[in-house]
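Engineer: Below is a structure I'd like to ask you about.
The values are calculated or read from the model by the stated rules, or taken from the named source; none is laboratory data. Predicted model, so just to flag it, every value in this text is computed and none were measured. Ideal geometry is used to build each Cβ from the backbone, glycine not excepted, and the neighbour counts take in all protein chains shown. Accessible surface is based on the protein model in full, side chains and every heavy atom, while ligands, DNA and RNA are left aside. Shrake-Rupley method; radii C 1.70, N 1.55, O 1.52, S 1.80 Å.
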Amino acid sequence: MADKTSGFWSEFKTFIARGNVMDMAVGVIIGGAFSNITSSLIDDIVMPILGIFTSSVSFAELTLNIGPAVITYGNFIQAVLNFLIMALVVFCLVKAINSFHKKKEEAPPPPPAPSAQEQLLAEIRDLLKNR
């Protein structure tokens, strides 16, 4: 049993030490912080501007009463809007980062010089054309 346990922990240690796992952990942490920034962008900037056109600051206040049930469809609209804005911001960031890291396309190397045999064949071709 001790061998299985030590093998398990050894595999776990190898798994954790991989770069991909560490990169993923950093991405999750940064993603959480980025979520706060995006939520602030939506709640503090975008929604008040949209509130000018919709006569309310938050869609979350929109409800529909059907008998005793209260359907808060505004929360759904708010969640969809939050997702779309988050997706747009992430898309713009990825696009900016990709253009920043995009390497200049290198010109293709010049074709290699023709071999001696190719040069001789070209001369024969030219002589036959001139006849």
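Engineer: For D44, are the conditions met, namely being open to solvent by 50 Å² or more (accessible area, probe 1.4 Å), at pLDDT 80 or above and of a type in the set (D, E, K, R)?
Structural biologist: Yes: the conditions hold for D44.
Engineer: List pairs: first in region 18-46 and free of Cβ contacts under 8 Å to residues at least 40 places away in the same chain, second open to solvent by 80 Å² or more (accessible area, probe 1.4 Å) and of a type outside the set (G, A, S), Cβ under 6 Å, 6+ apart or cross-chain?
Structural biologist: none
Engineer: Right, another one. Out of the residues in region 60-76 that are at pLDDT below 90 and among the polar types (S, T, N, Q), state the one that is farthest from the chain's Cα centre (by Cα).
Structural biologist: So the residue we want is T63.
Engineer: Take the conditions touching a helix residue (DSSP H, G or I) at 6+ places or on another chain (Cβ under 7 Å), surrounded by 10 or more Cβ atoms within 10 Å (Cβ to Cβ) and assigned to a helix (DSSP H, G or I) and apply them to I30. Does it pass?
Structural biologist: Taking the combined requirement at face value, the residue does not satisfy it.
Engineer: Pick from region 59-80 the residues that are among the β-branched types (V, I, T) and part of a strand (DSSP E or B): which of them is nearest to D44 (Cα to Cα)?
Structural biologist: If we take residues in region 59-80 being among the β-branched types (V, I, T) and part of a strand (DSSP E or B), then I71 is nearest to D44 (Cα to Cα).
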